[in-house]
1. Give the nm distances, rounded to one decimal, from B:Leu247 to the matching residue in every other copy, measuring between label points 7 Å along Cα toward the beta carbon; shortest first.
2. Can you compute log10 of I(q)/I(0) for chain B with the Debye formula, treating each Cα as one identical point scatterer, at q = 0.13, 0.14 Å⁻¹?
3. What does the copy distance list look like for A:Gly143, label position 7 Å along Cα→Cβ, in nm and ordered from shortest?
4. Can you list the HN-Hα couplings for segment A:225-234, worked out from phi with the Karplus curve (6.51, -1.76, 1.60; θ = phi - 60°), rounded to whole Hz and with x for Gly and Pro?
5. To test your reading of the geometry: what angle, between 0 and 90 degrees and rounded to tens, separates the Cα axis of helix B:37-49 from the longest principal axis of chain B?
6. Tell me the distances, shortest first, between B:Gly180 and the same position across the other copies, using label points 7 Å along Cα→Cβ, in nm to one decimal.
7. Provide a whole-number value for the mean count of partner chain Cβ atoms within 10 Å of the Cβ atoms in peptide B:289-298.
8. Using only Cα atoms, find the angle between the long axis of helix A:107-116 and the longest principal axis of chain A, and express it within 0 to 90 degrees, rounded to the nearest 10.
2 protein chains.
Amino acid sequence: MTDSAEAPASIIDVARRAGVSPSTVSRSLRGMPNVSEATRQRVMRAAAELSYVASPAASRLASGRTATVGVVVPFMTRWFFAQVVAGAEAVLHEASLDLLLYNLGDAAGRGRFFDRLPLQRRVDAVLLVCVPVNDEERAALRGLGVPIVMVGASSPGFGSVRIDDEQGTAKAVRHLLNLGHERIAMICGLDDDDTLGFATPVLRRQGFERTLLAAGLELGPENVVGAPWGVDGGARAMEQLLASDRLPTAVFAESDEMAFGALWTLRRAGLEVPARISVIGFDDHEMAAVVDLTTIAQPVRPQGEVAATLLLDALAERTGEAAEVVMPTHLVVRGTTGPRPPR
Amino acid sequence: MTDSAEAPASIIDVARRAGVSPSTVSRSLRGMPNVSEATRQRVMRAAAELSYVASPAASRLASGRTATVGVVVPFMTRWFFAQVVAGAEAVLHEASLDLLLYNLGDAAGRGRFFDRLPLQRRVDAVLLVCVPVNDEERAALRGLGVPIVMVGASSPGFGSVRIDDEQGTAKAVRHLLNLGHERIAMICGLDDDDTLGFATPVLRRQGFERTLLAAGLELGPENVVGAPWGVDGGARAMEQLLASDRLPTAVFAESDEMAFGALWTLRRAGLEVPARISVIGFDDHEMAAVVDLTTIAQPVRPQGEVAATLLLDALAERTGEAAEVVMPTHLVVRGTTGPRPPR
């Protein structure tokens, strides 16, 4: 990528020149809060120097024939997906683009999507949220002939916005280790249908196991329990742990939603949190603060905002399409984690 | 509506003949749990007598040209909308129909939707979730020339599935009155943009005020506080109440999400629930059980299921399109409501 006048600059170029993240560029140029005046000025200057315009009107976009962007999600009922889409929509609507959402649902729905490609000739660009694709599917998507950006996954030739799930998980586990915990369990979400091939559960489990092993702890099958993804599944997984040989002193849940269920079971069982057992989640769901859950925060709406901006860049024939943006995660300490209880 | 062979029977006819709700018919014919064997048998018999077939394949539907149903929601990030859509999708996918979701967002997005009608020629039927329409908008929708069903609203000539919001609210308020409460406040959700014209907030507020007045209680402006819709708004609204002249002993929140925020504020303020203050919500959100919230339950996914079935009936040229189905609500007592504290 270059600052020269040959190819118009993308949001990635502006971020690099201003020394900030693409998310900060997106928020600065859209006048969103949580950006300092100094940073905003620096971003504006970099954008001006590179002749970068935020949210070009749909009429000015090169391929703006349908004025519609297709968004594909596996399950729209999950908080994460809905938030990513809301972030993308905020950016797309400012550019007067409509959003057509396609919910894959189960494996059959996914099969139908790639067979029929219902977005064909209906959209100018496609955003795939947590839909990893195989070679055949990638070829089918390429055949749509429109820019494609992925959130929570990556694939050669497509733009990508994601977090580092393994690194984020390592932060959660190290927080528990630093509190003195040694008997640490993980609650995993099982999807009815593992042919969907989500990367997140695999990466978070890897992060969990590798961090424990690196700390010199042993890892047995009793360290990991699984139940259907969601609040109810988290409750059931915690019930499995409560019925096990040796109660863990700390639990890492793959997602906040599963952690909520785990906390629910612990409340019903009368086990004090964190005095008897610590719980940490992942995502920083809007309910995490409400139930005082310690968690690993990821920027959810901003991932949708940046992905949508990459699509706008691609539609304006800038260089952003195939960029890969990895966004940061951080530990948020609240009331559900504490020191290992005395034996 | 008739049982004769003149017009094919709809789900409404089957429900009437079997003496059960349309939701029970939908669930029975789809082999879902939570239906007794006796009921299922009765429904199967009624369906057979009326030659009613659940989930006809898309290829057999009269207007099945695009094999796609358009679903229009105001805000897809809200739990309620996502659940309704998930219910509709389960039924539509069984009939091999795809779902194309249009998220209105703000008033500008809504204006664009009715100006451009982006669903035109893209869908065989339209499901509107909580999108009340004026005469002009109704005419525009009629112009699509496809069956239309609404959830959470009704309009002449369109099918409709909803609950009785005013009656549900009355149940919540009467529960508080029966516990001896007299100083009862309501937390309302304010949308950035009240041109969207949602019926629910108006009806729930009416239900609140009418039930208090019917009980002989006085009603002042201090009885109702408003804040932006959502968890954060609920937290802020409860802060307003905590700063008021006379603390209420009980609070009805317009939705569970606002009640969650109210509980969060009360926890931070150290006010015991329900010993010092009772809180009741509305919806029975999946997190309500987790935080032990007393609430008014409404069937959320089933509303989407029944609405989708009405659309299938209409596509199969049965008589279901303009049917109006009102689904029941009920009080769920959990740990956040209790007797009025002694003065």
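The values are calculated or read from the model by the stated rules, or taken from the named source; none is laboratory data. These numbers come from a predicted model, not from an experiment. Positions of Cβ are generated from backbone atoms using ideal geometry, with glycine treated the same way; all protein chains shown enter the neighbour counts. For the accessible areas, the whole protein counts, side chains as well, though only heavy atoms, and no ligand, DNA or RNA atoms are used. Shrake-Rupley method; radii C 1.70, N 1.55, O 1.52, S 1.80 Å.
1. Relative to the other copies, B:Leu247 has label-point distances of 3.3 nm.
2. Computed log10 I(q)/I(0) values: -0.98, -1.08.
3. 3.5
4. Ordered by residue, 3J(HN,Hα) equals 10, x, 7, x, 4, x, 4, 4, x, x Hz.
5. 40 degrees
6. 4.5
7. Working: counts 5, 15, 7, 3, 0, 0, 0, 0, 0, 0.
Partner-chain Cβ atoms within 10 Å, mean over residues of B:289-298: 3.
8. Value to nearest ten degrees: 10.
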